[in-house]
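What follows is a single structure, written as structure tokens, with notes after it.
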Amino acid sequence: MKIVNARIIVCSPGRNFVTLKIETDEGIYGLGDGTLNGRELAVASYLTDHVLPCLIGRDPFQTEDIWQYLYRGAYWRRGPVTMAAIAAVDMALWDIKGKALGTPVYNLLGGRSRDGVLVYAHAHGADIEEALDDVGKHLEMGYLAIRVQSGIPGVASTYGVPTSNRPYEPAERGLPSESRWSTEDYLRHVPKLFERVRNQFGEQVALLHDCHHRLTPIEAARLGKDLEPFRLFWMEDPLPAELQEGFALIRQHTTTPIATGEVLNSIWDAQELISCQWIDYIRMTLVHSGGFTHLKKIADYAALYHVRTGCHGATDLSPVTMAGALHFGLAINNFGIQEHMPHTAETDLVFPHSYHFEAGYMYPGDAPGLGVDIDEKLASTFPYHRAYLPVNRKMDGTLFNW
Ligand code: EZ4
Ligand code: CO
């Protein structure tokens, strides 16, 4: 089998997605996701202008060799644009492999290791009362694990809480919006939120929280200690993760489990986080970390150090990544949990898929390959719109982490 064509489809059914379609001489095609929120066209150009011409004529079964060709062959390594582009190719090749062999991708990754993939939902509210209502709704929907974020008194807007009554979607069309942030107010508020959630909903539900890179190590240590009575499943991204050893300080102070890595791209970015056992869950995901070929190595490395996966799964990861995450999560031994933020109805129509949610778990389905398609005609009715994630400043105007 040979690759005869490869092209990019950019569409925006509610938000932007970059999808790669690789076609073979046997009529089989594969799909890959290359979406990088707020920087989509950089990946599209990296693929169209620099990568896709090199794929024509290659054997799509050579996933390892093609991965190395794109990673080592570029000379310039790592980074979100490069790794999302490599990921898109890798995903599409595994999709082709599965379709050619007539088997779901999970069978190529080791086969089923569990019955279903535990997922967590997002609950949020403008204040604690609203957040509690939303937790209740998600429990009724059958979720067993729920991330909880709420508005903070005195802070006009914050990460994870919608400002309108549309579903939460951080990237917005137009130029970047700006928000203001107070760490002091946040640190006082979050323990109150989780005390109320535990009191109302009991001990069984797994609770998660995303700090979204906004604390220093000692602040994160304080929050982790304050949250210990409420037994969180994890505290996510307490720090920006470039300085891996920053996590050591948190670890000295708290037993609240730590998850990080959704903005990391390679095994080298997380090497110390994992080998020093500074984290419990690694959040790297297929699309931003080089696809199955690389993420499988990261997961196997993490397994040596008792670190489990908790892959990023926000709506900027397209249904192609979501399907891939479910095949991956079903197959590997050290799976922890998978984030699940449902896509808009338009997105689900553009990307027909065989995965589904039932009673707290998701299932990739048994279609050969990834089990996701793209309706290109429908996709063309949702053209690209430039969109950005927000920018965040401290109350005095200092530029900070969003
Ligand atoms: O801000 O996917 O855990 N989920 C997250 C996400 C990220 C977005 C960035 O594009 O932190 O909401
Ligand atoms: Co996050």
Backbone HN-Hα couplings from phi across the range 156-162 [Karplus 6.51/-1.76/1.60, Hz, Gly and Pro as x]: 5, 8, 9, 4, x, 10, x
Proximal lysines relative to Lys137, as straight alpha-carbon distance under 29 Å, when same-chain residues fewer than 8 apart are discounted: Lys192, Lys225
Heavy-atom surface of the chain, accessible at 1.4 Å and reported per residue (Å²): 41 Å²
Amide H contacts under 5 Å for Asn392, placed H, 5+ residues apart: Ser179, Phe400, Trp402
Inter-probe distance in nm under a simple model that places probes 7 Å from Cα toward Cβ, at Ser164 and Glu195: 3.6 nm
Selection from Trp76, Ile152, Ile66 lying farthest towards where the dipole of the chain points positive, charges on Cβ: Trp76
Modelled FRET efficiency - R0 35 Å, Arg112 with Ile218, Cβ distances, 0.05 increments: 0.20
Per-residue ³J(HN,Hα) for the range 313-326, Karplus 6.51 cos²θ - 1.76 cosθ + 1.60, θ = phi - 60°, Hz, x for Gly and Pro: x, 6, 5, 6, 8, 5, x, 5, 5, 4, 4, x, 4, 6
³J(HN,Hα), Karplus 6.51/-1.76/1.60, whole Hz, each residue of the range 344-349, x for Gly, Pro: 5, 4, 4, 5, 5, 6
Amide H partners (placed H, <5 Å) of Thr35, local residues excluded: Val18, Ser318
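Using the Cα centre as the reference, give the magnitude of the dipole from point charges on the C-beta atoms of the range 108-366 (Lys, Arg: +1; Asp, Glu: -1; all else neutral), rounded to the nearest 20 debye.
Dipole size: approximately 480 debye.
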For Phe335, residues with placed amide H under 5 Å, excluding near neighbours: Thr309
Among Tyr46, Pro383, Gly30 the positive-end extreme of the charge dipole of the chain (Cβ point charges): Tyr46
Packing rank of 314-324, 250-260, where each peptide gets the mean count of other beta carbons within 10 Å, highest leading: 314-324, 250-260
Eligible lysines near Lys21 by straight Cα distance, threshold 17 Å, same-chain separation 8 or greater: Lys2, Lys97, Lys99, Lys377
Spin-label pair His306/His385, simplified geometry with 7 Å Cα→Cβ offset, distance in nm: 4.8 nm
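Based solely on its DSSP helices, what 222 nm [θ] is calculated for the chain when runs of n ≥ 4 H residues each add -39,500 (n - 2.57) and the sum is averaged over all residues, nearest 500 deg cm²/dmol? Can you show the working numbers first?
On the way: 14 runs with 137 residues, N = 402.
Helix-only estimate at 222 nm: -10000 deg cm²/dmol.
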Segments 17-28, 50-61 sorted - mean Cβ within 10 Å per residue, highest first: 17-28, 50-61
Percent accessible area from carbon and sulfur atoms, the chain, protein chains only, probe 1.4 Å: 52 percent
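The values are calculated or read from the model by the stated rules, or taken from the named source; none is laboratory data. This structure is a prediction, so every number in the text was calculated from the model and none was measured. FYI the Cβ positions are ideal-geometry reconstructions off the backbone, even for glycines, and counts take in every protein chain you see. Surface areas here come from the heavy atoms of the whole protein model, side chains and all, with no ligands, DNA or RNA. Shrake-Rupley method; radii C 1.70, N 1.55, O 1.52, S 1.80 Å.
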